[in-house]
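Take a look at the structure set out below.
The values are calculated or read from the model by the stated rules, or taken from the named source; none is laboratory data. All figures in this text were calculated on a predicted structure; none of them were measured in a lab. FYI the Cβ positions are ideal-geometry reconstructions off the backbone, even for glycines, and counts take in every protein chain you see. Surface accessibility is based on the protein's heavy atoms, side chains included, excluding ligands, DNA and RNA. Shrake-Rupley method; radii C 1.70, N 1.55, O 1.52, S 1.80 Å.
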Amino acid sequence: MSAPYRHVPYQPLRFAPEEMQRRAHEFYEFMNLRRSVRVFSDRPVPRELIEYAVMTANTAPSGAHRQPWFFVAVNDAGLKKQIRIAAEKEERESYEGGRMPAEWRAALAPLGTDWHKPFLEIAPWLVVCFKQSYGVNANGEKFTNYYVNESVGIACGMFIAAIHNMGLVTLTHTPSPMGFLSALLQRPENEKPYILFPVGYPAEQVEVPDIERKKLEEIVQWNLAEGI
Ligand code: IYR
């Protein structure tokens, strides 16, 4: 057992009710502008922006505050090429080698994805988030992490929001299986690739599918207090 954390006062943000309404509205409108983009410009992005996105992800809540995530940021052209080759080999097998069931292929058909992943070489950065299925301390002893998928999923959501907030775009790419990333990026046994994020500027005049989001009524049930 480690020593209890010292507790310090929490400094709440205080906004007037109208300010809360305005901020709620603006944040929703802003997040609703986010789109997954699959065609990137090769325009460089400074490392500092990637650092901020990773630092933002690192503010996510996590089970027992274990922060069971690790990020690898790649802008080396040779390594990006190796990642593309390995990802396309897996994706080709999935899409065309019969590894993806027909129902899955049908679900993806409206989005028009296929095994070609040029963005893995064109986007200036590939940021791979790994989940630490278990931890390893300084003595090499293993320890359990908790709610790893939930924690890492939240961190990735915050990473995506940070990228959007700086006017860049990304894509949650999950080549399957992703084991090749552990090998190419030389990550230890306790880490498993979780999501690969190409990050950069969108290509000029890029198009995205004209999707709609579910309506509020479709995604929420209200169990309300009487008389309110
Ligand atoms: N991993 C593949 C397939 C894919 C799966 C889903 I579910 C998507 O929403 C999109 C793609 C790929 O990245 O193409």
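If you check GLN67 against the conditions, is it of a type outside the set (Lys, Arg), open to solvent by 80 Å² or more (accessible area, probe 1.4 Å) and away from the ligand (no atom under 11 Å from the Cβ)? It is false that GLN67 is of a type outside the set (Lys, Arg), open to solvent by 80 Å² or more (accessible area, probe 1.4 Å) and away from the ligand (no atom under 11 Å from the Cβ).
Residues considered: ARG99, ARG84, ARG38. Of these, the only one that is in a helix (DSSP H, G or I) and within 16 Å of the ligand (Cβ to nearest atom) is ARG84. Assessment of region 207-217 against the conditions (modelled with pLDDT under 95 and not β-branched (Val, Ile, Thr)) yields no matching residue. A count restricted to region 28-41 and to residues that are surrounded by 12 or more Cβ atoms within 10 Å (Cβ to Cβ) and more than 21 Å from GLY112 (Cα to Cα) stands at 2. State yes or no: is PHE130 over 12 Å from the mean Cα position of the chain (by Cα), more than 16 Å from the ligand (Cβ to nearest atom) and in a strand (DSSP E or B)? Against the criterion (over 12 Å from the mean Cα position of the chain (by Cα), more than 16 Å from the ligand (Cβ to nearest atom) and in a strand (DSSP E or B)), PHE130 does not qualify. Summed over region 148-176, residues that are closer than 13 Å to ILE83 by Cα and either in contact (Cβ under 8 Å) with a residue 60 or more places away in the chain or in contact with a Pro (Cβ under 7 Å, 6 or more places away or on another chain) (or both) total 3.
For region 46-68, does any single residue satisfy the condition of being farther than 24 Å from THR144 by Cβ and among the basic types (Lys, Arg)? There is at least one residue in region 46-68 that is farther than 24 Å from THR144 by Cβ and among the basic types (Lys, Arg). Taking the criterion of being open to solvent by less than 100 Å² (accessible area, probe 1.4 Å) and in contact (Cβ under 8 Å) with a residue 12 or more places away in the chain, the residues of region 205-228 that qualify are VAL206, VAL208, PRO209.
Restricted to region 125-148, and to residues there that are open to solvent by 70 Å² or more (accessible area, probe 1.4 Å) and hydroxyl-bearing (Ser, Thr, Tyr), the residue that is farthest from GLU212 (Cα to Cα) is THR144.
Among the residues here, ARG92 does not qualify as open to solvent by 50 Å² or more (accessible area, probe 1.4 Å), within 23 Å of HIS173 (Cβ to Cβ) and assigned to a loop (DSSP other than H, G, I, E, B). Scan region 110-124 for residues that are away from the ligand (no atom under 11 Å from the Cβ), surrounded by fewer than 14 Cβ atoms within 10 Å (Cβ to Cβ) and part of a helix (DSSP H, G or I) and the total you get is 0. Of everything listed in (1) open to solvent by less than 80 Å² (accessible area, probe 1.4 Å); (2) of a type in the set (A, V, I, L, M, F, W, C); (3) part of a helix (DSSP H, G or I); (4) at pLDDT 95 or above, the single unmet condition for ALA107 is (4). Looking for something open to solvent by 50 Å² or more (accessible area, probe 1.4 Å), β-branched (Val, Ile, Thr) and closer than 23 Å to LEU111 by Cβ - is there at least one such residue anywhere in region 151-159? No, the conditions are met nowhere in region 151-159. Residue selection: TYR194 fails the criterion of being closer than 25 Å to THR56 by Cα and either basic (Lys, Arg) or surrounded by fewer than 13 Cβ atoms within 10 Å (Cβ to Cβ) (or both).
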